[in-house]
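As structure tokens, the structure follows; a few thoughts come after it.
The values are calculated or read from the model by the stated rules, or taken from the named source; none is laboratory data. All values derive from a computational prediction rather than experimental measurement. Heads up, the Cβs are rebuilt from the backbone with ideal geometry, glycines too, and the neighbour counts pull from every protein chain shown. Areas reflect the complete protein model, heavy atoms only, side chains present, ligands, DNA and RNA absent. Shrake-Rupley method; radii C 1.70, N 1.55, O 1.52, S 1.80 Å.
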Amino acid sequence: MRARLFGATASVAALGLLGSLVSACGSSASGDGTTLRLVAPEYGNSPATSSQAYWDKLTTAFTTAHPGTKIEVTLYPWADIDREVTRMVEEGDAPDVALMGAYSDFAAEGRLYAASDLLSIKAEANFLPPLAEAGSVGNTLYGLPFVASSRLLFYNKTLFDEAGATPPKTWSDLEGAAKELKKEGVLYPYALPLGPEEAHAEALIWELSNGGGYASNTGGYSIASDQNTQTFRWIKDHLVAPGLTGPVPPAQLNRQDAFDAFLRGEVGMLNGYPSLLHEARAKGMQVGTLSMPVSDTMKDGRTLPSAGVADWMMAFKRDDNRELAGSFLEFVYEDKNLTEFAGRYHLLPSTVSASLASGDAAADPSSEQFLAALRGAELYPVNEPSWLQVSDTIKRNIGKAVAPSADPKAVLESIDHQVQEITEQ
């Protein structure tokens with residue numbers, strides 16, 4: 001059975017707020033055991049929603065409870081965070097703690113503390129099991145999951161009612177609903193964002209619904225498996241060729257553009273995460289959510305995993321910083337602090353206790369649906385040190401598999417060849 005593998009960046013995509021933002025209690029260099037530097041991404045998309053307010057409140061509470069300590073927080077846009085942390089590490093100036101989309105390359109280089117060096121047994125055991133698996137290299141947890149999200153199929157109830165369409169359970173159901181929506185003039189019956197922004201997420205959702213995925217049962221990658229080839233051939237023949245995916249070629253349709261079209265009422269169906277559902281409901285849209293419909297060949301009653309993503313906390317080894325980093329992370333992962341951040345951005349907390357304590361699930365059944373999907377999710381293989389390069393290769397190329405003149409098998413084999421070259425470097 002394939003290991004559940006979690007992956008990077010469940011964030012609300014930040015729009016680059018004025019470069020880096022700093023929340024600091026002084027500007028002393030870390031390394032003296034009393035000052036901790038945290039580098040994190042900006043989750044907000046405006047000054048009003050900036051993450052700075054959260055970190056200001058949290059660091060003030062922490063330093064008040066730990067007199068003599070200082071916490072410096074630097075925020076970067078999501079587009080820059082991985083590059084900036086990598087630069088700091090290469091320059092010998094790694095932060096004490098970083099929050100970003102991947103961790104395993106640093107773990108492979110021996111730069112990170114294991115969770116057991118930082119957290120109490122209770123805190124380490126509190127992470128949701130699939131997330132803990134994804135944050136582990138071997139049996140050692142290095143990437144501490146912070147917030148996460150799962151993906152569900154969204155459908156516009158108003159458009160479905162007008163078209164007389166039925167919420168789909170299988171691929172053939174989805175195709176039938178898309179045809180009815182197209183007859184009613186819906187611009188994007190099914191929005192298929194295989195553009196370079198996040199093609200690897202949409203591709204994984206479809207692969208999992210046919211028993212495939214990126215990871216091989218025997219370790220490593222399996223991009224051009226029979227299941228994945230069948231998946232992209234079906235998408236091309238049954239959705240793209242009949243014009244059921246909208247006016248923009250899938251390889252050119254980015255996730256945010258698809259989301260924007262959904263919020264304008266131009267999309268019948270697409271895969272989304274909790275924050276998009278919140279935005280849609282705030283606009284008064286009637287939205288239904290479903291597990292991703294499965295391939296018609298999946299008739300053996302198996303429950304297939306959903307797709308999910310997570311963001312990762314990690315602590316870099318520096319002289320005299322282990323005790324402070326551990327104390328700070330214990331504080332970060334207290335239920336009240338974690339649920340406050342997750343609720344602020346309509347994401348899912350990464351721990352068992354915070355998930356149970358979240359008020360959203362009780363107030364909104366769809367929140368429980370996302371949490372349930374997360375508990376059985378499979379994600380990107382972020383515990384593979386090559387994942388950052390591999391994911392970039394997938395994002396830039398996998399949309400070609402459904403192009404009109406493409407042979408899906410040849411495209412996937414080409415990607416697989418590039419992936420093998422990356423892993424052999």
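Structure data summary
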item: Difference of contour (0.36 nm per residue) and Cα-Cα distance, residue 184 to residue 323; result: 43.8 nm
item: Whole-Å distance, taken between Cα centres, linking the range 202-279 and the range 380-425; result: 15 Å
item: Listed residue (297, 276, 310) projecting farthest to the positive dipole end of the chain, Cβ model; result: 297
item: Three-way shape label, the range 46-110, alpha-carbon gyration tensor, a/c 1.5; result: oblate
item: Under the Karplus curve 6.51 cos²θ - 1.76 cosθ + 1.60, θ = phi - 60°, whole-Hz ³J(HN,Hα) for the range 88-96, x wherever Gly or Pro sits; result: 4, 5, 5, 8, x, 10, 4, x, 6
item: Choice from 200, 346, 238 showing the highest fluctuation, given a GNM over the chain with Cα pairs closer than 10 Å; result: 238
item: Computed accessible area, residue 54, all protein chains, 1.4 angstrom probe, square angstrom; result: 10 Å²
item: Convex hull projection area averaged over all views, the chain, Cα basis, nm²; result: 19.8 nm²
item: Value of Rg/Rh across the range 244-354 [Cα atoms, Kirkwood radius]; result: 1.09
item: Cα-centre dipole for the range 135-275 with unit charges at Cβ (Lys and Arg positive, Asp and Glu negative), debye to 20; result: 120 debye
item: Taking the chain and dividing mean pair separation by its residue count, relative contact order in percent (alpha carbons under 8 Å, at least six apart); result: 27 percent
item: Neighbour net charge for residue 41 - beta-carbon separation under 13 angstrom, K R +1, D E -1; result: -4
item: GNM flexibility winner over the chain from 247, 189, 67 (Cα, springs under 10 Å); result: 67
item: Descending semi-axes in whole angstrom, ellipsoid equivalent of the range 287-425, from the Cα gyration tensor; result: 34, 26, 12
item: Cα-projected label distance for residue 169 with residue 282, points at 7 Å along beta-carbon direction, nm; result: 3.5 nm
item: Computed FRET value (nearest 0.05) for residue 237 with residue 34, which takes r as the C-beta separation and R₀ as 45 Å; result: 0.10
item: More than 16 Å apart - percent of Cα-Cα pairs taken over the range 122-184; result: 60 percent
item: Lysines whose Cα lies under 16 Å from that of residue 400, excluding same-chain neighbours fewer than 8 positions away; result: 236, 409
item: Cα-projected label distance for residue 297 with residue 217, points at 7 Å along beta-carbon direction, nm; result: 1.4 nm
item: Computed accessible area, residue 226, all protein chains, 1.4 angstrom probe, square angstrom; result: 110 Å²
item: Probe 1.4 Å, accessible area per residue of the range 51-135, Å²; result: 40 Å²
item: Gain in span if fully extended, residue 93 to residue 125, counting 0.36 nm per residue against the direct Cα distance; result: 8.5 nm
item: Residue 226/residue 252 FRET efficiency (R0 30 Å; Cβ-Cβ; nearest 0.05); result: 0.60
item: Aspartates and glutamates whose Cα lies under 18 Å from that of residue 182, excluding same-chain neighbours fewer than 8 positions away; result: 161, 162, 173, 237, 266
item: Violating pairs (Cα-Cα greater than 32 angstrom) within the set 169/283; 169/395; 122/395; 70/122; result: 122/395
item: Gaussian network model of the chain, springs between alpha carbon atoms under 10 Å - residue of 321, 383, 139 with greatest fluctuation; result: 139
item: Full-extension gain in nm, residue 425 to residue 64, via 0.36 nm per residue minus C-alpha separation; result: 125.2 nm
item: Protein accessible area in the range 289-425, 1.4 Å probe - carbon and sulfur %; result: 49 percent
item: Area accessible to solvent at residue 334, 1.4 Å probe radius, in Å²; result: 70 Å²
item: Dipole in debye (nearest 20) - the chain, about Cα centre, beta carbon charges: Lys, Arg +1; Asp, Glu -1; result: 840 debye
item: Net charge dipole size for the range 336-425 [Lys, Arg +1 and Asp, Glu -1 on Cβ; Debye, nearest 20]; result: 260 debye
